[in-house]
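The values are calculated or read from the model by the stated rules, or taken from the named source; none is laboratory data. A quick note: this is a predicted structure, and the numbers were derived from the prediction, not measured. Here the Cβ positions follow ideal geometry from the backbone for every residue, glycine too, while neighbour counts run over all protein chains shown. Note: areas computed on protein heavy atoms with side chains; ligands, DNA, RNA excluded. Shrake-Rupley method; radii C 1.70, N 1.55, O 1.52, S 1.80 Å.
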Amino acid sequence: MVEKFKLSHEVGVRLLLLFITFLLFDLFWCFQTTFRAFSYPETYVNALTVSLILLLPYIFTRRDSFFLPIVFILDLLLIANLMYNRTYNSAIPLNSYLIADNLTDFLPSVAASIRWFDPLLISLMIPFLLMRKKTKEKSWKKGYWYSFALSATISLCLIFILGGFVHAIKSKKTINDYMCIVPEYTILGSMLYDLLTSGTQISNEDANEIEEYLSRHVALTPIEDTLSVRNNLVLVLCESLESWVLEKKVEGKEITPNLNRVLRQPTTLYAPHVLSQVKGGRSIDCQLMVNAGLLPVENGAWSLLYPQNRYYTLNQALNERLKTYSWLLTADRPTIWNQQAVALAFGINNTMYRQDWKLEEASGPRNNIGDAALMRQAVHLMRKGEIWSPGTNAFIQFVTYSGHHPFKLSEGLQRIHLRNNYPEMLHNYLVTANYTDYALGILLDYLQSRPDYKETMIVIMGDHEGLAGDREWLCSSQTGKGLVSGKPFVPLIIINSPKPMRYNDVMGQIDIYPTLLHLLKLDNYVWKGLGMSILSADKLPFAVTPDYHVEGDTTEVSSLDIENLQKAYTISDKMIRYNYFDKWDGNHK
């Protein structure tokens with residue numbers, strides 16, 4: 001029996017090194033998540049089974065010319081997913097491998113996520129290259145096949161116990177095990193799951209689950225009639241702007257003097273603890289939540305997968321009541337995150353992209369138009385009446401760019417100069433946030449000078465957190481301690497709000513859509529969103545991250561309330577994946 005499982009030296013070493021490669025990847029993956037995956041047998045058994053599968057080319061040919069390219073591609077795949085995970089806390093979605101056009105624009109951000117130990121995965125190939133000796137034993141193939149049969153059988157049994165492959169992974173999508181899926185089922189298993197769950201035909205079970213969830217969702221309570229009406233909405237999504245830079249000084253200098261100024265105005269609503277809830281789509285996920293009241297899809301970027309869907313949006317609600325004309329003004333190209341298709345799906349009337357602006361004050365990793373230049377040029381077009389002509393109602397959405405990771409701003413654009421020895425990333429983030437604040441001051445000065453300012457509501461917010469995997473060490477650094485927030489909170493600032501207030505409880509980005517509907521007196525719009533308006537008396541003081549962790553005060557919250565907010569991600573994923581609104585009758589108001 002022992003002879004049956006005997007492997008030749010050359011095959012055994014190759015198998016061992018493949019197996020170690022997977023476990024080393026798992027170790028690097030768990031550095032920023034949890035080491036819980038190493039307590040599950042699937043982590044080891046599945047890694048061994050996949051390693052044996054990857055050995056097949058060598059088993060059939062005994063040629064490294066067939067085997068080594070597979071190993072090299074595997075190493076690159078693993079390293080790419082490690083880098084992706086440091087920003088998005090997930091593996092690269094299967095469809096995202098096809099959007100190389102996006103990747104070229106984000107190369108500086110990608111490079112910034114490389115760690116010194118990542119190349120260790122590739123270095124494991126060296127023994128393969130050095131080992132040339134071939135065994136003459138006739139029984140070595142039999143040992144391979146017996147080993148493969150045993151390992152595969154154990155893997156299948158573990159999957160069968162959990163109800164099959166798809167159900168086994170779905171059962172791991174909990175607050176404790178969500179980040180264990182990739183180590184347990186390998187990156188190849190994660191890709192297979194994406195492939196198997198990419199269908200678009202909704203089942204009766206899923207349809208009933210959505211209906212039941214929406215029927216329990218609390219509708220908006222109309223806001224008091226005494227509040228004045230706002231006929232115009234200007235929405236500014238600031239790249240990677242986090243809350244902790246507001247109302248702060250470093251070396252006696254305000255980081256965001258213009259935003260601090262509007263926070264002191266009596267008509268401002270400020271929520272400093274908005275939990276970033278974006279996933280694989282990052283900035284475009286924010287646009288989905290704020291404009292359409294839906295959470296990001298489980299895997300991939302919704303804008304690439306479902307741009308043809310039917311969406312109910314904020315600008316459509318405004319147009320329905322006020323006949324507003326809408327604009328999207330962005331520094332990005334129309335192909336980034338499929339932005340052009342998104343604008344069409346959301347019903348945006350007019351758009352201006354990177355090629356429509358004069359490239360001034362180039363900033364960020366892609367050298368796009370700087371935030372200040374973007375605001376100056378937009379203000380110039382507004383003054384000329386080419387954007388938002390006098391006497392018309394408008395919805396205008398800005399998407400800034402200068403705050404893009406890794407926060408590189410040329411010295412000529414820096415407006416605040418710091419002397420202390422900050423970590424480079426922290427220094428760059430502070431300087432860039434100050435520059436974006438300067439740009440916002442240009443826009444605010446113009447908007448507040450318009451004759452229709454009293455009828456205009458201005459919303460400024462961070463589109464998502466910016467520090468990602470660097471947060472922990474920046475918080476513990478000598479100059480970052482007590483300055484950098486340990487939580488991924490972004491600010492929500494509503495200037496000239498019909499109901500000014502400071503909302504200090506934790507809320508989610510998904511709660512912004514219903515809050516804006518409330519403030520704009522669009523309570524009767526057919527789609528209220530999956531969040532809860534902060535103006536509602538029953539708004540819960542917490543929010544849920546995309547990996548189901550809870551942030552906020554839950555002392556008086558039931559476990560059912562927490563489960564309900566966690567389930568919203570699954571409901572939203574199904575609503576988008578199955579184009580739920582295409583045949584929706586709008587019954588749940």
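From the list Leu565, Leu519, the one residue that fits, being under 25 Å from Thr197 (Cβ atoms) and either of a type outside the set (S, T, N, Q) or open to solvent by less than 10 Å² (accessible area, probe 1.4 Å) (or both), is Leu565.
With respect to the conditions (1) part of a loop (DSSP other than H, G, I, E, B); (2) over 20 Å from Val250 (Cβ atoms), Ala543 lacks only one, and its number is (1).
Does segment 337-344 contain any residue that is β-branched (Val, Ile, Thr), touching a residue at least 24 places away in the same chain (Cβ under 8 Å), in a loop (DSSP other than H, G, I, E, B) and closer than 23 Å to Asn579 by Cα? Please lay out each step first, then the result.
At the first step, the residues of segment 337-344 found to be β-branched (Val, Ile, Thr) are 342.
Adding the requirement that they be touching a residue at least 24 places away in the same chain (Cβ under 8 Å) leaves 342.
Restricting the remaining residues to those that are in a loop (DSSP other than H, G, I, E, B) gives none.
There is no residue in segment 337-344 that is β-branched (Val, Ile, Thr), touching a residue at least 24 places away in the same chain (Cβ under 8 Å), in a loop (DSSP other than H, G, I, E, B) and closer than 23 Å to Asn579 by Cα.
Arg63 passes every criterion in (1) open to solvent by 30 Å² or more (accessible area, probe 1.4 Å); (2) farther than 14 Å from Val11 by Cα apart from (2). Scanning segment 504-535 for residues that are in a loop (DSSP other than H, G, I, E, B) and of a type in the set (A, V, I, L, M, F, W, C) turns up Val506, Leu520, Leu522, Val526, Trp527, Leu530, Met532, Ile534, Leu535. When segment 542-564 is filtered for residues that are within 21 Å of Lys172 (Cβ to Cβ) and among the small types (Gly, Ala, Ser), only Ser559 remains.
The sole residue among Asn309, Asn319, Asn315 that is assigned to a helix (DSSP H, G or I) and surrounded by fewer than 23 Cβ atoms within 10 Å (Cβ to Cβ) is Asn319. Looking at segment 78-192, the helices (runs of 4 or more DSSP H) lying wholly inside it that each contain 2 or more residues that are within 22 Å of Cys30 (Cβ to Cβ), modelled with pLDDT of 65 or more and open to solvent by 50 Å² or more (accessible area, probe 1.4 Å) sit at 120-123.
Looking at Pro498, Pro491, which one is touching an Asp or Glu at 6+ places or on another chain (Cβ under 8 Å) and of a type outside the set (Ser, Thr, Tyr)?
Values: Pro498 fails: touching an Asp or Glu at 6+ places or on another chain (Cβ under 8 Å).
Every option except Pro491 fails the conditions.
Could you tell me whether segment 252-266 includes any residue that is in a helix (DSSP H, G or I) and closer than 20 Å to Thr545 by Cβ? Within segment 252-266, none of the residues are in a helix (DSSP H, G or I) and closer than 20 Å to Thr545 by Cβ.
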